[in-house]
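Down below is the structure, laid out as structure tokens.
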Amino acid sequence: MNDTVGPSRASVIFAFLYGAFVYIGVWCILLYTIGFVGNYFGPLLKTELADVIPFKSVDMGTVEPFWVAFAISVGLLVILGLQHSGMARPTFKEWWTRLVPKHLERSTYIIVAICALALLMWQWRPMPQVIWHFEDPTLRIVLNLISFAGWCTVLWATILVCQWEILGVAQVIDYIQGKPYTKQPQTNPEYHKVSWPLTTSGLWYYARHPDFFGFCVAFWVTPTMTAGHMLYAAGLTIYIMIGIFFLERNLTDLWGTGYAEYVRTRSKIIPWFVRKPGE
């Protein structure tokens, strides 16, 4: 397409519908994941809604022998991790954007991520062995509220760092408005002005990855921890930590001493006091 002409009406309509579909899909899979991890679908299983939506949780489903369930679930976690990491690599993006328009690259990544996560929840094998269980109703409510607060932390952290860009909406809007697909110059030393995945606003001032902190709280804080739930939480936590290592290494190479100082003075995931320069 000639950049001086601008996008056609058909391509604009398609981009709008594509971006809207992805954005709605993200919210649907997020709400389902909250119910899946927290085992919140129990009250809905006897409703008519259960005839339409296949409710499932981390502790629901076909019970296999322990090591069979372990192998299947680990394999699903690996698929999710490979999708998230592989499609995020610059070399893959360079090849991928020869097939997918650049303004839809992020949205397409999100669609594939939704599919990988849906596959994980669909085929997840419960491992019902109980690690811990609290009977006290008040304590159960408190722990569930803390877990839910973790999800709220994820939401707030992504809003602070430009949620629409993370979900590909900003790229689609730019295309519809006829703006070129651009990124911040890699030589810009003010790394915190690029928004996603970098900022120093709000929670991000006190931690380098507060969104991952929210995920870990949501995964680990539960009144009933089974072996399957622990495997899910541990697998995704390990992936998060490995991802942080490579992400920060790449960002340090990209943004230099400014980002390196940010890494040195901020907590990794837990919002905490900021170290003074030179400490």
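Assorted remarks:
- Hey, G235 surrounded by 13 or more Cβ atoms within 10 Å (Cβ to Cβ), among the small types (G, A, S), in a helix (DSSP H, G or I) and at pLDDT below 90 or not: no
- Helices (runs of 4 or more DSSP H) fully within segment 1-102 counting 3 or more residues that are touching a residue at least 12 places away in the same chain (Cβ under 8 Å): 9-38, 66-86
- Scope segment 131-151; condition in contact with a helix residue (DSSP H, G or I) (Cβ under 8 Å, 6 or more places away or on another chain) and farther than 20 Å from F55 by Cβ; matching residues: I131, F134, I146, A149, G150
- On the stretch given as segment 35-91, residues that are farther than 23 Å from T108 by Cα and buried (at least 16 other Cβ atoms within 10 Å of the Cβ) total 17.
- Restricting P180, P197 to residues that are surrounded by fewer than 13 Cβ atoms within 10 Å (Cβ to Cβ) and modelled with pLDDT under 95 narrows the list to P180.
- The set of residues from segment 243-279 being closer than 29 Å to S73 by Cα, charged (D, E, K, R) and in a loop (DSSP other than H, G, I, E, B) comprises just one member, K268.
- Comparison of I159, I166 shows that the only residue that is surrounded by 16 or more Cβ atoms within 10 Å (Cβ to Cβ) and at pLDDT below 95 is I166.
- Verdict on I240 being out of contact with any Leu (no Cβ under 7 Å at 6 or more places or on another chain), part of a helix (DSSP H, G or I) and buried (at least 17 other Cβ atoms within 10 Å of the Cβ): yes
- Failed criterion for A227 (all others in (1) more than 22 Å from F66 (Cα to Cα); (2) surrounded by fewer than 19 Cβ atoms within 10 Å (Cβ to Cβ); (3) in contact with a strand residue (DSSP E or B) (Cβ under 7 Å, 6 or more places away or on another chain) hold): (1)
The values are calculated or read from the model by the stated rules, or taken from the named source; none is laboratory data. Quick caveat, the model's predicted, so the values are computed rather than measured. Note: ideal-geometry Cβ built from the backbone for every residue, glycine included; neighbour counts use all protein chains shown.
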